[in-house]
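Taking it in order: structure first as structure tokens, then the write-up.
Each value in this text was obtained by applying a stated rule to the coordinates, not by laboratory testing. The model shown is predicted, which means the values in this text are computed figures rather than measured ones. Positions of Cβ are generated from backbone atoms using ideal geometry, with glycine treated the same way; all protein chains shown enter the neighbour counts.
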Amino acid sequence: MSVSEFDNYRPPEEPRRKRKGRRRAPGSAFRRGGDGSREMPMVPEPEFTSYYGRPIVKAPPWEAPIGAYLFLGGLAGGSSILAFGGELTDRPLLRRNMRLSAITAASLGTVALVTDLGRPERFLNMMRTIKPTSPMSLGSWLLAYYATHAGVAAAAEVDRVTHSKLPLGPFRPVLRFVDRPAAAGAAVLGAPLAAYTAVLLGDTAVPTWNAMHKDLPFVFVSSASLAAGGLAMLTTPISETAPARTFALAGVAGELVAMHLMKERMDSVAVEPLEQGRPGTWLMWSERLAIAGAAGTILGGRRRWVAALSGAALVASSALTRFGVFQAGKDSVKDPKYTVEPQRNRLAKRRAAGITDDSITTAG
């Protein structure tokens, strides 16, 4: 008789009555379980391990420059929105600083993107065609259109500041004519520029990024708002920063609420990389700096040094948010459980809801 460690889990069986006047064939006791220890189906819950412990999902080949690009793209988009607000409310210093901040952030972000690609021509290759189903393709064209509008607006601002010293010749009247339309175009494209990177991350198979694809755009747009507002408070006199303070406070409220709701809607396993390790530390400090910056903006935003410190805290908060989300996704690829367990949990929910007749769910 074979003995297994699972014999202890078998329910007790009643002893069998022996039949008189009948002889059993040799070996029949073994075949029919005549000793009262018939084998019963007992399958333990399997513990998943990937092949040689390798990750199930291939990690994206993105490094720190992409994290910088996520932050700089949001900062650029938010700055263009604030710059156009300064244009409409007759705040020339706010308009100037935000236009120059927008083109600087967009230029540095493009450098970071090309650095991660390895060769500049790879970025140009993405411009050969437009693929509506690809966030990366649409994002490349969005960045190009935005940078063109922001660059024209910044050039007009520099020419105005230098008292028409740029060697533009007959093109100066043209530049002055397209100044406001270019600024308006950059402002319109600012929000999509801040949000498209969230769509790009959510469109991947990286477990944590994919789990937050519905709510991450709201987090990134709010993060861009508080970053641009904070930068304006840091670089612009307080006499012209009233719109920036409002913009920053709206961004803080939006990010805190969106981040909280996003974590609640995510699977409890998929949210772990956002709350542990380096990403957890960065996101914790991001929240603290956002709250501190908002408090400084409300209580002392009309004092220059308080406004500057609050603005710096908000900019740092936005950067930590982007880098925290970016690193959390990369960490979630390393452990197979972040790929498998959320799938099992979704399957269990579908079965509990009675969905057992499609190609995804089968009866349990």
- The answer for residue 59, listing residues at least 5 apart or on another chain whose modeled amide H is closer than 5 Å to its amide H, is none
- Task: Determine, for each peptide in 132-140, 293-301, the mean count of other beta carbons within 10 angstrom over its residues, then list the peptides with the highest first.
- Result: 293-301, 132-140
- Query: When the Cα atoms of the range 58-329 are enclosed in a convex hull and the volume is divided per residue, what value in Å³ results?
  - Reply: 127 Å³
- For 245, 176, what's the fewest-to-most ordering of other Cβ within 10 Å of each Cβ? 176, 245
- Message: Please arrange 340, 271, 161 by how many other C-beta atoms lie within 10 Å of their C-beta, fewest to most.
- Response: 161, 340, 271
- Message: Please list, by residue number, everything in the range 322-349 whose backbone N is under 20 Å from a paramagnetic label point 7 Å out along Cα→Cβ of residue 56.
- Response: 328-349
- Cα shape, the range 218-333, gyration tensor, a/c 1.5 rule: prolate
- Query: With labels modelled as points extended 7 Å from the Cα through the Cβ direction, what inter-label distance (nm, one decimal) is found for residue 239 paired with residue 275?
  - Reply: 4.9 nm
- Query: How far apart, in nm, are two points set 7 Å out from the Cα along the Cα-to-Cβ line at residue 176 and at residue 161?
  - Reply: 2.0 nm
- Message: Around residue 112, under 13 Å between beta carbons, what's the net of Lys plus Arg minus Asp minus Glu among the other residues?
- Response: -1
- Task: Sort 310, 286 so the one with the fewest other Cβ atoms within 10 Å of its own Cβ comes first.
- Result: 286, 310
